[in-house]
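Participant: Got a structure for you, written out below as structure tokens; questions coming shortly.
All of the numbers you see were taken from the coordinates with simple rules; none came from a lab. If you're wondering where the values come from, they're calculated on a predicted model, not measured in any experiment. Neighbour counts run over all protein chains shown; Cβ positions are idealised from the backbone, glycine included.
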Amino acid sequence: MRKTLLPPVVALTTLAALAATAGCGSGGSDDTPVRFGDAQGSGSHGAERPGRASLAQMPTHPISFKEQRKVGGAGDDTPIGVTTYHGPKSGFTGKVWVWAPPEYYEKKNADKGFPVLMALPGAEGYPVNYWIGGDLKLEENLAQWSKEGKSLPFIVVMPVLNPNAKQYYDASDIPGQPKMGTWLNEDVPDFVRQNFRTLKGRDGWAIMGSSSGGFAALKNVLQHPETFKAAIPSGPDIVPDSPLWRGHAREERENNPEVLAQRLITKGGPDVYLAFQDGSKEATVVPKVRKFIARYGRGPVKTRLQTVAGGTHGADTYVKGMGEGTMQWISAHMQGPAE
């Protein structure tokens, strides 16, 4: 949750409670090893068919994860794994949770790369990422929507958002601070490519987030359209507001979504797809989102707004919105599993 959002006490309490309970879903054990890139699901390791280029990128250095929990329902008891990763480019070390959809394990897809959705939490997003929790059922819903043809079968990667629970870092490389922008935009995607069958190019990469994570999603797709094609910013702030920017006005401007959107429009692309979400009761957030869409939703900046009736500033509202049309719109503009 961003400090500019109201009512701050209620929102912070809600999101903090979600973070505290995340990972307490059914099943799973920290002692159970999970290996996503083993022979059972690693395919042909990048072999390309004669006469055509491959869209798939095979894992290069798969590791073993610890099992966090099982995803039931349409998720077919697939595991969410967790590991601690040292980002070689950012120098930051933090936890990363990952989940692969049931389709990833099917023999017919053994040579296919899958699209990736990075999911970022609200509040501090440290030391856990609440999208892993069975209370929100993000993975269960994604699995069901995929079976219903409402979503692509995404690999979901859930890194920590901040280096601690004391400050907001705006998912950016603030001078003199941990390089959280590089962590999210370079290290984490590289980590996913090392461990999963993914897709080459930006058509297979999206980023979502709620509240402070929503700001991060919005900023990062505009700042790095070469990496991400689409974003789901839910209940986001629109401009940086970390107190750590003090004395660094030039760098802060380079991490301002308004500046980045206008720059992309002036440049003429590449196209990015921003699926904004808010709840109808988010009195402070809604006007800011609509103003951004009215001003910058043109040219290569493609926008959509999903307003959840009766929704508030909370992750449960945003999951509902994803099922009401957001995931279908995002999926229509991205690449599905392919060899």
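Participant: Pairs of Cα atoms under 8 Å, at least six residues apart: use those to get the relative contact order of the stretch 129-246, whole percent.
Facilitator: Working: 139 pairs, mean separation 23.2, N = 118.
Answer for the stretch 129-246 is 20 percent.
Participant: Tally the DSSP beta bridges in the chain and give the antiparallel ones as a percent, rounded to 5.
Facilitator: The antiparallel proportion sits near 45 percent.
Participant: If I fit a long axis through the Cα atoms of helix 138-147 and take the longest principal axis of the Cα atoms of the chain, what angle between them do I get, 0 to 90°, rounded to 10?
Facilitator: Helix 138-147 and the main axis of the chain meet at about 60 degrees.
Participant: Could I ask something else about it? Which residue, M118, P233, V319, has the largest displacement toward the positive end of the dipole of the chain when charges sit on each Cβ (Lys, Arg +1; Asp, Glu -1)?
Facilitator: P233
Participant: Excluding residues fewer than 8 places away in the same chain, name every one of the lysines whose C-alpha is closer than 19 Å to that of K229.
Facilitator: Correct list for K229: K150, K200, K219, K267, K302.
Participant: Mind giving me the nanometre distance, one decimal, between the label points for T60 and K166, set 7 Å out from Cα along Cα→Cβ?
Facilitator: Result: 3.5 nm between the two label points.
Participant: In whole angstrom, note down how far apart the Cα centers of the stretch 112-131 and the stretch 265-314 are.
Facilitator: Centre-to-centre (Cα) distance: 20 Å.
Participant: Name the shape class, rounded, prolate or oblate, that the alpha-carbon gyration tensor gives for the chain, where a ≥ b ≥ c are the square roots of its eigenvalues, rounded holds for a/c under 1.5, and otherwise prolate holds if a/b is larger than b/c and oblate otherwise.
Facilitator: Working: a/c = 1.43, a/b = 1.30, b/c = 1.10.
Rounded shape, in that the Cα axes give a/c under 1.5.
Participant: Oh, and also: Can you tell me which of 235-242, 199-206, 213-220 comes out highest on packing, and rank the rest after it, using the mean Cβ neighbours within 10 Å?
Facilitator: Descending mean neighbour count gives 213-220, 235-242, 199-206.
Participant: Working from Cα positions, state the angle (0 to 90°, nearest 10) between the long axis of helix 212-223 and the longest principal axis of the chain.
Facilitator: 80 degrees
Participant: If you don't mind, another one. How many nm is it between the label spots at Q262 and R290, if each spot is 7 Å from the Cα in line with the beta carbon?
Facilitator: Between Q262 and R290, the simple spin-label model gives 2.3 nm.
Participant: Sorted by mean Cβ packing within 10 Å, highest first, what order do the peptides 313-320, 120-127, 147-154, 70-77 take?
Facilitator: 120-127, 313-320, 147-154, 70-77
Participant: I'd like the orientation of helix 257-267 relative to the chain: the angle between its Cα long axis and the longest Cα principal axis, in ° from 0 to 90, rounded to 10.
Facilitator: Value to nearest ten degrees: 70.
Participant: Pairs K147/K288; K137/K166; K95/K137: which exceed 29 Å Cα-Cα?
Facilitator: K147/K288
Participant: Would you calculate a helix-derived [θ] at 222 nm for the chain, using -39,500 (n - 2.57) for each DSSP H run of n ≥ 4 and dividing by the full residue count, to the nearest 500? Write down the numbers at each step before the final one.
Facilitator: Values: 9 runs with 85 residues, N = 339.
The helix contribution divided over the chain gives -7000 deg cm²/dmol.
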